Each structure stands twice: as structure tokens, then as C-alpha cells.
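Undergrad: Got a structure for you, written out below as C-alpha cells; questions coming shortly.
Laboratory data are not the source of any read-out in this text; all were calculated from the coordinates shown. Bear in mind the structure is a predicted one, so any value in this text is a computation, not a measurement. Note: ideal-geometry Cβ built from the backbone for every residue, glycine included; neighbour counts use all protein chains shown.
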Amino acid sequence: MSFEFILFIFFSLIAAVSAVIMITRPNPVMSAIFLIINFFSIAGLYLILHAQFISIVQIIVYAGAIMVLFLFVLMLLNAKSEKDILSGKNKIKIFAVVIAGLVFAQIAYLIFFSSPGKALSPDVAASIKAGTVEQIGKELYTNYLLPFEAAGFLLLASTIGALVLAKKHFD
Amino acid sequence: MQDFYNILPLILVASGIVISVVIEILSDNSEKILPWFSALVLLSASVYSIMLMNNTGTIFNGMLATGGNVYIFHFIFTIGAMLIILGSIDYIKKYGSYFGEYYILILNAVLGMMIMASARDLFMVFIGLELMSICFYVLAGINRKKLNANEASLKYVLLGAFASGFVVYGIALIYGTAQTTSIDKIIAGFVPLSHNILFITGLFLFLVGFSFKIAAFPFHQWVPDVYQGSATTISGLMSTGGKAAAFSVLIILLSAVAPSNANVFRPYFAVIATLSMIYGSIVAISQNNLKRMLAYSSIAHAGYMSIGLASGNYESIAGIIFYLAAYTFMNIGAFIVISMIEGENDSKLQLSDYVGLNAKNPKLAALMALFMFALSGLPPFAGFFGKYYVFISAIEANLTWLAIVGVISSVISVYFYLRVIVLMYFKEPETSVAVHNSNYGVLAAVISALFVIVFGLFPGTLLDLITSFLK
């Protein structure tokens, strides 16, 4: 049993267990904290797959920025427990179950029937190289320079927008 | 260098944004400088998009397309936004959001639309879509003090984010199956890919996301509230530029199926078109608020244009582009006239405020009548030929029933457009309060009216130009 395999078992167990704990907690803040643990263990799984960049982005964007957003929403909703949010809203629950079922069916189809890996290169060295920050930086500044620049304008526009909406003084 | 020259319209708008930000920082009365500066930027961008129309090609590793119909779209966006800016100069004082950022956000939204229309890569499509949408979310709620503007902004951001989610999910599935985000490569491998159920699912999700953006029937719920709550000029921009940008992306997809006549989207678009036309035209009849009425009419117009998407041949693509050009100018004109008549705090938007407008302000009444005639699709205005070309393309694609539904709903829609004209001209005003107009607003409305008349009198010129780029 290689060390990699042990790490895989370790991270995937944490990921699965924290996901289950997350959806069973009555307190939304507890759920959010277990979601962070889940994000971190998935970042570990990415690292095992040699996808350094995705792993770092997973921690910075998901565990960092998006979790802060979640906690803000929870704070604003000021809900003590799940019952306050979902009581008497069976339609939402059914909808959630349907969506979850659809996503599950789709992923199951992808993994078991359409074998997404068969078109990928079996060259391990090349795939390791593809996940490095260096390689992604190179792509970003050559082939994908224009989307990168456009994303800059996207950020500029959202910054201006946020400032206008939040800070503008009205007479 | 040639590449950079070819995307000069985009570069002009982008550098205009950066310079506007600097002006906003350095100057204390940026709200007086920026409208003229941004109008100038947009005007020069539109001039260059006409001049560079023949330089067709793709640049930056197949990220952007230049020239051809893409630049017709750029012309529509830039001129449309310039008219909106002219109409805004006096309006936003009245609306209570008299500051420079308003114009910077409009320029950003236009840049997003231009990126969407030029994009030849799904990355660029998505970034352009978000750039446009985020600016619209902010512009819808730009006056924080107005409750209905907050409502509009919040509704738009929630439903818009939902739609963007659909688009991203669709792009993920398309990328997963096609293993490329380049639209040209996806189009080249379209026929074998279309047997893959995941690819079709992705494409369907992508279409659903864009159906939100064009405001077609089952995805229209945000339209009336957002158009009513936002500033009138911004509603004008959202209903024309935003719709045209979303259609420009759908047209790229359509060009994948147009040559082989294997339109897998036909049932989807036929259903959407039928429902949008009927629903939009019928519900608009019961509206008393003019902005709400135009919102429902915008749903109906999305339906007419979707007929072209359903027929999916070269005639229909040309028809949609012509229709969008015509619709942009008549709708922007109508919204600008409404913005001039509108009073403070969202007053004077009801149909009853238009009673006897001819006696109070004949100039505005005449302009409004022209735009209403054009929107209802009566000849010789541009709106007629837009519908005509789209219906003809449907008949050529053996979708005669769809064209018939279109004609019926046009007839229904004549009622609520002409009702405005009847109220303006054939009823005596109850009060004699004068209606003031703004000179810049009238100028913008007159320019729109000129476009509507010219496109209506010489429809062949524009259509031949569009068709020549298609083949």
C-alpha cells in the first residue's frame, strides 16, 4: 500500500464524513464549519492528483472567499436552526432532493458509462506538468491573454459597482 | 499591429473606461464631463466598427472575431448606448442618481456586449456576459434610496446569477465532451458531438441560460419588475443592448446548424417563440404602466426573434440581425420619450398621463407615435421589415404555423401600441400641466427615429450587407 493511497483514503474519508455531518447539523453555522473541512480535504485530494493550482484555488476561493459569503448570509438571515428556515416548506425540500438526484445521476453516468478519462493523455509526466502554477501562468499570458484582460475589466466594473451601491452619498 | 487595428472599437471602449475612471477620480464635476466623453468614445467606436466592417477574421488564438456581422452588432451596441447616454444627461438629475459612475458602468456594459458579440470562445462569451450583467445589476439599483429600484436590482441579480449558473454548467458539460472551448472547433465537430447526450444536455443548459437573458417566455418573470423599477434609460439599454448581445451568441450557435439544416434546437425555440409571442402580447394589453407594457412587449419581441432561431437558416440569421437593429432604435426611442415625460419619484408613467399629450407637447407626441407605429410592426417603419424577414424565413423552413402565430400575435399587439396613440391624439387632456422636454433627449429620440425611418425605407441595403457577410 503506497503512501499516496493512504493519503487518498485519509482525505476522502474526511471529505465524505464531513459532508454527511454538514447536511445533518441543525445549526447552520456548524454546517458551514464542516463545509470548510470538506473543502480542505478535497484540496488535499487535488494535491494528490498533482493539481497544485486547483488545490490552492480551492482553499483561497472556496474555503476563503465563498465561505465568508456563506457566513455573511447566515448572519444576515439570523436563523437559530434549520427549522426556522425550512419549516413548512416541503416544496423546497422536494426540489432540493430532485436537483440532488439529477446531479448524482449525471455524475454516475459520467463515471460509469461515458468514461471521461479515455480521451485524456496517459502520459503521467505531461499531466503532472499541466497542473503546475507555472504551466497555468504560461497559458494565461499567451493563449488566454484576452480573457484574462477582459476579466480585469469585469473586476473593475464590479468594484465600481460595489462602491456606487454601498458608499455613494445621496443628498 | 493589424490585429490591434481590427479590434479598434473594443480597444476604444476599453481605454475609454480606464480614462473615465481617471476623470472620475481627478475631477469634481465628473458628472458634467463624463456623458460627453463617453458619448464621444461610443461614437468613435461606432464609426470604426463601420470602417472596419470588411476586415473579417479571428484573432488572439481564435478568441475574438472581427468584422462582418460582429461589427454590425458593435455598431448597434455603441450607437444605442450613445443615444441612451444623450437621453440620460437630463434624466438622471430628475432620477436622483446624478453622478459620473453611471456613465462608466454603461461603458463597461457596452464592452461586455461587444465581447459577447465578438467571442469565438466560450470563455469570452461568459466573461462578456458577466461584465454586461454585473453592470446592469448595479445600474438597475443605482439609486439606493428608491425602494422599487432596490427590488429590481435584487430580483435581477438573483435570477441573473441563476441564469449564469445554467450557462456555466452548460459550458462545463460542453467542454467536458468537446474537450475544447473554441466555438469554431465545436462547430466543426458538431455533427458527431450531437450524438453525445452530455453534449446536448450542456447545449440545452446553455440555451436555457441565454433564454433568461433574451427574456423569453418561461424565463421572463424578472422582466416586468426589473424594467419598471430601474431608471427608464437603463431599462431602454437592458431591453435592447442586453437582448441583442444574448441573441448574438445564440446566432453563433445557430450558424453551426444552418448549413447542414440539422437544427436540433428547432422544437425548443419553436415552443419558446410561440409562448413568448402570445403571452407577451396578451398580458401587455392589461398594463397601465407604460414601462411595464414595454416590458411585456419586449417579451413578445423576443418571441418574434426566436422564430428566426427556430427556422435556423441563413435568411433567418439575417432577419434576426435586421430585427435587432430595428428593435434597438425603436425601443430606445420609446424609452427615451417615456423618460422625458416621467416626473419625479416614478410619477407620470401611467397611460392616463399620456391623455392629450399632443396638446401639451406635440413634439414628444409625434415621436412617441412614430415609435409605437414602428413597434407594432406597421409599414413603412423598420419594425415591419424585421418581422417580415423573420416570418419569411420561418415559411422557408416549413414552419408556416409559427409564422401564422406570429402574425396573429402581431395583430393582438397592435391594440396596445395604438391605444397610446389614440390617447395622445384623440382625447382631451384633463389637466393643462405643460410637459417639458430635454433638448438632448429630443436629439436622441430624433436620431433613433431617423434610423427607424431609414431602415424602414431602405431595408434591402442593410439586409444585403448582413447577408453578404453570412456566406
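Undergrad: Give, rounded to the nearest 20 debye, the magnitude of the charge dipole that chain B has about its Cα centre when Lys and Arg contribute +1 at Cβ and Asp and Glu contribute -1 at Cβ.
TA: Details: 21 positive and 20 negative charges, 97 e Å.
Roughly 460 debye for chain B.
Undergrad: On to the next question. Please give the calculated 222 nm ellipticity per residue for chain B, where each DSSP H segment of at least 4 residues contributes -39500 (n - 2.57) and the sum is spread over every residue; nearest 500 deg cm²/dmol?
TA: When only DSSP H runs of four or more count, the value is -25500 deg cm²/dmol.
Undergrad: Please rank B:Val337, A:Val103, fewest neighbouring Cβ atoms within 10 Å first, as an exposure proxy.
TA: Neighbour counts put them in this order, fewest first: A:Val103, B:Val337.
Undergrad: Using only Cα atoms, what is the ratio of the radius of gyration of the protein assembly as shown to 2.2 N^0.38 Å?
TA: 1.00
Undergrad: Ratio of Rg to Rh for segment B:293-438, alpha carbon only, Kirkwood?
TA: 1.05
Undergrad: If you don't mind, there's one more thing I want to ask. Less than 19 Å from a label point 7 Å out along the Cα-to-Cβ axis of B:Phe162: which backbone N atoms in segment B:177-210 qualify, by residue?
TA: B:204-210
Undergrad: So, one more: Between B:Asn398 and B:Asp464, take the C-beta separation as r, use R0 = 35 Å, and let me know the FRET efficiency to the nearest 0.05.
TA: Working: r = 25 Å, r/R0 = 0.71.
The value I calculate is 0.90.
Undergrad: Using Cα positions and a limit of under 29 Å, work out the lysines in reach of B:Lys387, with same-chain residues fewer than 8 apart set aside.
TA: Excluding near neighbours in sequence, the set is B:Lys213, B:Lys243, B:Lys291, B:Lys363, B:Lys471.
Undergrad: Give the value in nm², to one decimal: projected area of the alpha carbon convex hull of chain A, averaged over all directions.
TA: Over all viewing directions, chain A projects a mean Cα-hull area of 15.2 nm².
Undergrad: Would you list the P(r) distribution for segment A:1-57, with all Cα-Cα distances sorted into 5 Å bins from 0 and each bin expressed as a whole %?
TA: Bins of 5 Å from zero give 5, 22, 24, 20, 16, 9, 4, 1 percent of pairs.
Undergrad: Okay, moving on. Mind jotting down the distance between the C-alpha centroids of segment B:363-413 and segment B:157-216, whole Å?
TA: When both Cα centres are located, 30 Å separates them.
Undergrad: Tell me the Rg and the Dmax, in Å, that the Cα atoms of segment B:24-132 produce.
TA: 15.2, 47
Undergrad: Run down the lysines and flag those whose C-alpha is under 25 Å from the C-alpha of A:Lys138, throwing out any fewer than 8 positions away in its chain.
TA: Filter leaves A:Lys129, B:Lys185.
Undergrad: At 7 Å along Cα-to-Cβ for each site, give me the label-to-label distance between A:Lys168 and A:Ile48 in nm.
TA: Rounded to a tenth, the inter-label distance reads 5.1 nm.
Undergrad: Related question: Have a look at B:Gly62, B:Val21, B:Tyr296 and report the one farthest towards the positive end of the charge dipole of the protein assembly as shown, computed about the Cα centre with Cβ charges (Lys/Arg +1, Asp/Glu -1).
TA: B:Tyr296
Undergrad: To make sure I understand, if each residue's beta carbon is the centre and we count other beta carbons within 10 Å, what order do B:Lys155, B:Lys387 fall in, fewest to most?
TA: On the way: B:Lys155 19, B:Lys387 25.
Ranked by crowding around the Cβ, least crowded first: B:Lys155, B:Lys387.
Undergrad: Just the ratio, please: alpha-carbon radius of gyration of segment B:351-405 over 2.2 N^0.38 Å, N its number of residues. Show your work: numbers first, answer last.
TA: Details: Rg = 16.1 Å, N = 55, 2.2 N^0.38 = 10.1 Å.
Ratio of Cα Rg to 2.2 N^0.38 Å: 1.60.
Undergrad: Mind checking the full-extension length gain between A:Thr142 and A:Val61? Use 0.36 nm per residue of separation minus the Cα-Cα distance, one decimal, nm.
TA: Details: separation 81, 0.36 × 81 = 29.16 nm, distance 2.38 nm.
Going from the current span to full extension adds 26.8 nm.
Undergrad: Can you pull the percent of Cα pairs in chain B with separation above 45 Å?
TA: Cα-Cα pairs of chain B separated by over 45 Å account for 6 percent.
Undergrad: Sticking with this one: Run the reach check for A:Lys168 against lysines, Cα to Cα strictly under 18 Å, same-chain hits fewer than 8 apart removed. What comes back?
TA: Candidates past the 8-residue exclusion: B:Lys32, B:Lys93, B:Lys94, B:Lys145, B:Lys146.
Undergrad: Separate question: Rank by packing, highest mean first: peptides B:64-76, A:16-28, B:39-51, with packing defined as the count of other Cβ atoms within 10 Å averaged across residues.
TA: The densest-packed peptide leads the list: B:64-76, B:39-51, A:16-28.
Undergrad: Here's something else I'd like to know. Quick one: Debye curve from the C-alpha atoms of segment A:132-171, no solvent, what's log10 I(q)/I(0) at q = 0.33 Å⁻¹?
TA: Reported log10 I(q)/I(0), two decimals: -0.97.
Undergrad: Something else about it: Toward the positive end of the charge dipole of chain B, about the Cα centre and with charges on Cβ (Lys, Arg +1; Asp, Glu -1), which of B:Ile234, B:Ile106, B:Asn331 goes farthest?
TA: So the residue we want is B:Asn331.
Undergrad: Turning to a different aspect of this structure: Mean separation of Cα pairs under 8 Å and 6+ residues apart, divided by the residue count of chain B: what relative contact order is that in percent?
TA: 15 percent
Undergrad: May I pose another question? Around B:Asn55, which amide H atoms from residues at least 5 apart in sequence, or from another chain, sit under 5 Å from its own amide H, with H modelled in the peptide plane?
TA: Amide H to amide H, under 5 Å and 5 or more residues apart or across chains, B:Asn55 pairs with B:Gly68.
Undergrad: How far is helix B:362-376 tilted, in degrees, relative to the longest principal axis of the Cα atoms in chain B, given as a value from 0 to 90 rounded to the nearest 10?
TA: Between helix and principal axis, roughly 30 degrees.
Undergrad: Say each of A:Thr132 and B:Val454 gets a label point 7 Å from the Cα, pointing the same way as Cα to Cβ; how far apart are those two points in nm?
TA: So the two model labels end up 5.7 nm from each other.
Undergrad: For chain A, the longest stretch holding no chymotrypsin sites (Phe, Trp or Tyr not before Pro) located in a DSSP loop with at most 16 other Cβ atoms within 10 Å is which? If you can, show how the numbers build up before the last one.
TA: Values: sites that count: A:Phe113, A:Phe170.
Longest site-free region, per DSSP loop and neighbour criteria: A:1-112.
Undergrad: Angle between the Cα long axis of helix B:243-257 and the longest principal axis of chain B, 0 to 90 degrees, nearest 10?
TA: 20 degrees
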